[in-house]
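Remarks on the structure that follows.
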Amino acid sequence: MRNLKLLKSLHCSSVKGIGTPQCITVRSDNGTILIGSSFGFVELNPSSEEIITDVSLTSENFLPEDGSGQVVGIQDVPDQESVCIATATGDVILCNLNTGQLECVGSVDSGIVTMSWSPDQELVLLITGQQTLILMTKDFEPIAEIPIHQEDFGEGKFITVGWGKKETQFHGSEGKQAARQKVTSVQPAMHWDDHRPRVTWRGDGQLFAVSAICPETGSRKVRVWNRELCLQSTSEPVDGLEQALSWKPSGSLIASSQTKPNKHDVVFFEKNGLLHGEFTLPFAKGEVQVRELLWNSDSTVLALWLQDNGKEDIKPNTYVQLWVVGNYHWYLKQSLHFGNEDEKKVLSVMWDPEISYRLHVVCSGWQYLCYDWTWSTYCSGGNGAGGQTDVAVIDGDKVLVTSFDQSVVPPPMCTFHMQFPCAVNHVAFYTDPEKSSDFAVLDADNTLYICRYGIDADKDSNVKAVPGNGYKLLTRMPALEKKCRVQVPSCTTHPLCFRHLTWVADYTFLVVIQEANASQSAVYLMKITVDEQTVHVHEPSVTVNGHIISVSYSAKTKTCALQTANGQIWKYVWEPTPVLDSWKDKLGQDVKFQPPCVQTAIVEINGEESVLGITDRSRLFINNLLVAANITSFAIYDDFLLLTTHSHTCRCMSLRNTSLKDLEADLNGTSNSNDETVRKVERGSRIVTVVPQDTKVILQMPRGNLETVHHRALVLAQIRKWLNSCLYREAFECMRKLRINLNLLYDHNPQAFLDNVDLFVRQIDSVNYINLFLTEIKEEDVTTTMYPTHSASSVPSAQKSGAKKVDIICDVMRAAMEKLNPQKYCLSILTSYVRKTAPELETALQKVHELRESPPSPDAVSAEEALKYLLFLVDVNELYDHSLGTYDFDLVIMVAEKSQKDPKEYLPFLNKLKKMETNYQRYTIDKHLKRYKKALEHLSKCGPEHFIEFLNFVKDQNLYTEALKLHPVGSSEYKAINDVYGEHLYSRQHFEQAGLAFARCGSLEKALDAFVACSSWQHIVSIASQLKYSEDKMAALARSVSGKLREQRKYESAAVLLEQYAKDYEEAIILLIEGGLWEDCLRLIYKYNRPDIIETNVKPGIIEAKKNYMTFLEMQKVTFIRYKERLSVVRDLKEKARQGLLDDEIPGGLESDLFSDTSSVMTTSDMSGRYSHSNSRISSRSSKNRRKAERKKYSLKEGSPLEDVALLEALREIVRTVDTMRSDVNSLLKVLVLFLYDTDARELQQMYQEFLQLMEVSIQDIWVPCAPPNATLPVLGPHSTANSIMTSYQQQRNLKTAEQETEPFIAPKLSKTIQWKLDLLD
């Protein structure tokens, strides 16, 4: 769908050389042109229109002075800073361009017909007058010499495998004599053929082809040779083959021309000499001569140099045509008519070797023309209601128009085409958004045609719209409204003097023309009147220094952006008074693209008008900012910028509420899987157009076919517009067709949906659509997960606290449908009951039952249909159970009849139920349905005769708390339930709760046993007192319980029992000394006046406790220092191994899992695999034991995989243990000071303080801060696959385990709030 658009043209005619130009070449290093003539050659600078170098070859007698000489070849040799010239007399001359020195490097006596250099300039080929090939190196050392005409086919000769002879084959009605007939000989070459050999090289320089006149037949024959001058193949005999020859640089085809009996074709040869395809020229047989064929350097454009066949008294016209191919169809994209004047006759044409789309032309009057082309898509740009989506494709004298709002057909097919009298060079669509499908056409004769929709076609006009082949046109076609010839200024009479035609207003056009001064371009404003047949372009509107290479226009602001060849952007306003000024950004700086862009557009970004451009190297600029460097095409639609990238994605960026920096960050950053702005496309896709008022994006593939995609960003933007306008029907149908989650209807604006739910139901007006919506809703907010919006403002949720989204929607939808037409929306109402988070199936079944009993209505569905629909939504067995739970046997039978159940299965059960008492019947039903709580409630109402069954049911289903609620407090039933509840708790080893339950029902003996089992001594004493225990019995009980408390290291409680209930204060004092409770110990000593115990028990106990503390702290300190030093060594080893310094010192080498980013944290899967055996033994243990077993994974053995983790865990345990000793140390220090053991107290305090300081300093070195694992959301969305979703959830599951295992890496905190030191010891 792309066309060749002229970027700029350069015309030099003020400088003339001596003689007639004969051949040209380009100096790529400085852009000058070398033109060979009959007297020598000149070097022309096109920019300054000056001749830099003029070298005469007549002075050295290389050419005759009378001007009859001929330069048959000229080639720039940049390695030697020279130019190589070959003359027809046989001289090969090397001229140094710096010194002007001429050197004859070789001479051929028979003369030289052609000189051709290989593309890599390593070889040079000469064809002599004796029809021989001479191949030499770039230093002119001969490699081989061989005659052109060879009898052999070549090394690629076809092999006959002998599968039958031609004479034995079937020949139809002609008979076998046809096989014996000789092939008719080919005709000699055309009379206008110059009989000179032609040479063309393949792009890689490995092969070259030669077209020469065969001396036997007089016709041309093509032979292919390699770099060693070995013949590879010879073409098959082709009648009418002409002189032009050009090998496609990509290496696939060799182009030539052929005259056929009824047409003139361009034909293509394969390298094996066989024909492979052709296309027909738009001329009659014998009308034109094909002088040359030329491929551009990237093999995309084929140039044809044509000349009319000479007629009496009529000078021939010359043409240059540019052809491209797409979808196996050849398009004539540009046609340059040079006329029949002698000075304008084309003498040489060539493509630039470096710049692919630059064409050089030299005419006989020493006129030099240079054309730069680029690819462009001509499409209508209107977004209004009256604008269509038309795309125009130039194909010679036809314009193929495709209306994509009707259908998508790939070129060369089209919706319709417009036929014109002459070849078309440019198409311009009207920039008015409401009339954007109207277009103007400029042909090769500078005739302007204005075509509009909505007008009647002139029957006598030679320009008409014709429907496409096989296409049934359903809409209107444009018609020719105005035809006028544009009169070219006298200074610009060369072909394609007009460029960048822009239709800005009714009968008003902007056009760019090169001024007489080659360094200036003029913008002309053409205003056409209705009756005017010729438009004279006289005075320019504005003049710009430099070549204008692009023009973009904004119909909104009527501003035009002009880009010159140096990338400078100019702002041009054409009305009311033309004003030209440099374009400035918001910082006041001039906008300049570096390098220049081949396509530009004016966009509005966050309220600021900016210029957007893309270079031929895929770099995207917005004003002076390089936004991205991998963009292949772009299009602007509404508030969106659509881009295709080299990474085979289509990006759709919003231009509202954004900035250039945000765009740059989005385009260069990575996108998540739910990013609606990114869509994958086929490799090489380019944007053709975007259909307005729709969501279709048309893409064209490299091979030419089209694809339509609905970009998610455009779809969601359009849906949001519809939802904001409460156009629910349009939004729903689009979402249903494009598979957008229907939750967006509610989540986009919950409050608006709830306020307009009646309107929603009326617009949808389809039971099936409403059912589809209700079945798809879920609790997820899709505006934050699947379709996150980039808008700064968010719509507040209308969801009530505690209420669920599904329930809210079902309730409001049901209310609206019941208000509008409950009969019509009966099935949808049933759906609203079923789809609730807690399905109300009983209510839905009741609705069905009401339908069965109510009189028939024409709008209402029958009960049978409603029940059948319910069975579609809910499993039949589940629906049967729910119907049974309604206790309505008629409803049960109605559901059962629709199920696959056997009547022998359910009828006896139902009959049995009907005979039961109501409460017991419902108890039986609820028990059958496993609704045990409701069954218990009904059973409790059945009377005392069923209480035993009641208790057994409570025991079986563990419904003790529910059973207690069903009987009054204090009743015999209440006490019986408490008694069995206590036994249940006792069996579960919940002794304290069991004791409380027994105490509630008066079972004191059982309560006492339960409290003794859990050593709850306060409850034991209370119950024993209630049981009237004697003092001796109470003392024995107290001694027994104190022994258990002592085993549990609850010394204080045990001492209270011994002192107060066993009356044994001495034993109580001994327990307090053993537990280190020095203050309570002294209290009892002085209470019972036994100071002797201080000397005998307390003081020795204090000294012993101090020694134990000192020993323990010393051991812990030594262990702490040793672990800390080992941890530092392990970390150093791992760091060295990570840097590749150690390979063998760590188990596993560089590939070990030890070298993760967070010290030695391994992945959960690695850990579980390595320790699976040990974990399997503890799978059934308690959580406490399981955590202990997990910690055993970390071994302190040197060299173990997780040694550093084990060291961290051990150090953490030491810190925790020592830090919790603060209160105990404080208590011991106080009693030491009390009994004048100051030295011992000071020693203990100093040692403990030093240890705490050591730990506080070491914590920062041991526990290095590290980032916690990042929690990632599950990957969902349109770009997700089953594997990616499963992997995401697996990572989430592993992350929870990893968070538990990161505990050793969290630094412990010391309890600095506890004051343990004694100031009097400092």
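Of the Cα atoms belonging to the range 641-713, the radius of gyration and Dmax stand at 12.5, 38 Å. Shape summary: the range 977-1077 maps onto an equivalent ellipsoid whose semi-axes, from the alpha-carbon gyration tensor, are 28, 15, 8 Å in decreasing order.
For the range 186-251, GluC sites (Glu not before Pro) are listed when DSSP marks them as loop and at most 13 other Cβ atoms sit within 10 Å of their Cβ; the list is 216, 228.
Surface listing: 559, 99 arranged by accessible area from highest to lowest gives 99, 559, probe 1.4 Å. 3J(HN,Hα) along the range 854-860, derived from phi through the Karplus expression 6.51 cos²θ - 1.76 cosθ + 1.60 where θ = phi - 60°, amounts to 6, x, x, 10, x, 8, 7 Hz, with x in place of Gly and Pro.
Between the amide H of residue 326 and those of 331, distances stay under 5 Å, these residues lying 5 or more places away or on another chain, with hydrogens modeled in the peptide plane.
Here the sum of -39500 (n - 2.57) over DSSP H runs of 4 or more residues, divided by the residues of the chain, equals -9500 deg cm²/dmol at 222 nm, to the nearest 500. Too long at a 23 Å Cα-Cα cut-off: which of 819/934; 16/345; 1063/1106? Where the Cα-Cα span goes over 23 Å, the pairs concerned are 819/934; 1063/1106. For the peptides 100-109, 522-531, 619-628, residues were scored by their other Cβ atoms within 10 Å and the scores averaged per peptide; the highest-first order is 619-628, 522-531, 100-109. If you take the alpha carbon atoms of the range 10-69 and fit the smallest convex hull around them, that volume is 85 Å³ per residue. List every residue whose amide H lies under 5 Å from the amide H of residue 605, counting only residues 5 or more places away in sequence or on a different chain, with H placed 1.01 Å from N in the peptide plane. So residue 605 has HN proximity to 610. Along the range 243-251 the Karplus relation, 6.51 cos²θ - 1.76 cosθ + 1.60 evaluated at θ = phi - 60°, assigns HN-Hα couplings of 6, 5, 8, 7, 8, 4, x, 5, x Hz to successive residues, with x for each Gly and Pro. Note on residue 1025 and residue 144: their simple-model spin labels are 12.4 nm apart, each label 7 Å out from Cα toward Cβ.
Computed from the C-beta positions of residue 859 and residue 909, the FRET efficiency with R₀ = 41 Å rounds to 0.60. For the chain, what does the alpha-carbon gyration tensor say about shape, rounded, prolate or oblate, given a ≥ b ≥ c as the root eigenvalues, a/c under 1.5 as rounded, and a/b over b/c as prolate? Prolate, because a/c is 1.5 or more and a/b exceeds b/c.
Taking 4 °C and 1.567 mPa s as conditions, the range 839-944 diffuses translationally at an estimated 88 µm²/s according to Stokes-Einstein applied to its Kirkwood radius (Cα pairs).
On the beta carbon distance between residue 1254 and residue 1063, with R0 = 45 Å, the FRET formula returns roughly 0.40. Across the range 218-277, Cα pairs under 8 Å and at least six residues apart give a relative contact order of 28 percent.
Remark: the range 741-752, residue by residue, has Karplus-estimated 3J(HN,Hα) of 4, 6, 4, 5, 4, 8, 5, 4, 8, x, 5, 5 Hz, where x stands for each Gly or Pro and the curve is 6.51 cos²θ - 1.76 cosθ + 1.60 at θ = phi - 60°. Remark: spin-label model distance residue 216-residue 606 equals 7.8 nm, labels positioned 7 Å along the Cα→Cβ axis.
Full extension of the segment from residue 1114 to residue 804, taken as 0.36 nm per residue of separation minus the current Cα-Cα distance, would add 105.5 nm. Sorting 451-457, 973-979 by average packing, meaning the other beta carbons within 10 Å per residue, from highest down gives 973-979, 451-457.
In this simple spin-label model, placing a label point 7 Å from the Cα along the Cα-to-Cβ direction at both residue 693 and residue 1083 gives a separation of 9.2 nm.
FRET efficiency for the pair residue 701 and residue 464, taken as 1/(1 + (r/R0)^6) with r the Cβ-Cβ distance and R0 = 35 Å, rounds to 0.65. Computed from the alpha carbon atoms alone, the convex hull of the range 772-903 holds 136 Å³ per residue. Could you give the DSSP H helices of the chain that reach 27 angstrom or more along their long axis (alpha carbon positions) and whose average Kyte-Doolittle hydropathy is no lower than -1.0? Length and hydropathy pass: 1099-1138, 1238-1262.
Taking 19 Å as the cut-off for C-alpha to C-alpha distance, list the pairs among 263/315; 927/955; 398/464; 333/696; 804/930 that go past it. With Cα atoms farther than 19 Å apart: 263/315; 333/696; 804/930. One decimal place: the segment residue 956-residue 408 gains 190.1 nm when fully extended, by the rule 0.36 nm per residue minus the C-alpha distance. Note on the range 599-739: Kirkwood hydrodynamic radius from all Cα pairs is 15.7 Å, rounded to one decimal.
Each peptide among 424-435, 597-608, 806-817 gets the average number of other Cβ atoms lying within 10 Å of its residues, and from highest to lowest they stand as 424-435, 806-817, 597-608. The alpha-carbon of residue 157 sits under 15 angstrom from the alpha-carbons of these aspartates and glutamates, leaving out residues fewer than 8 places away in its chain: 236, 270. Less than 5 angstrom separates the built amide H of residue 429 from those of 440, all sequence-distant by 5 or more or on a different chain. For the range 1052-1097, the set of trypsin sites (Lys or Arg not before Pro) satisfying both a DSSP loop assignment and a count of at most 15 other C-beta atoms within 10 Å is given as 1063. Split the accessible area of the chain by element, probe 1.4 Å, and carbon with sulfur accounts for 49%.
The values are calculated or read from the model by the stated rules, or taken from the named source; none is laboratory data. Everything quoted here is computed from the prediction, not taken from an experiment. So basically every Cβ, Gly included, is an ideal-geometry build from the backbone, and we count neighbours across all protein chains shown. For the accessible areas, the whole protein counts, side chains as well, though only heavy atoms, and no ligand, DNA or RNA atoms are used. Shrake-Rupley method; radii C 1.70, N 1.55, O 1.52, S 1.80 Å.
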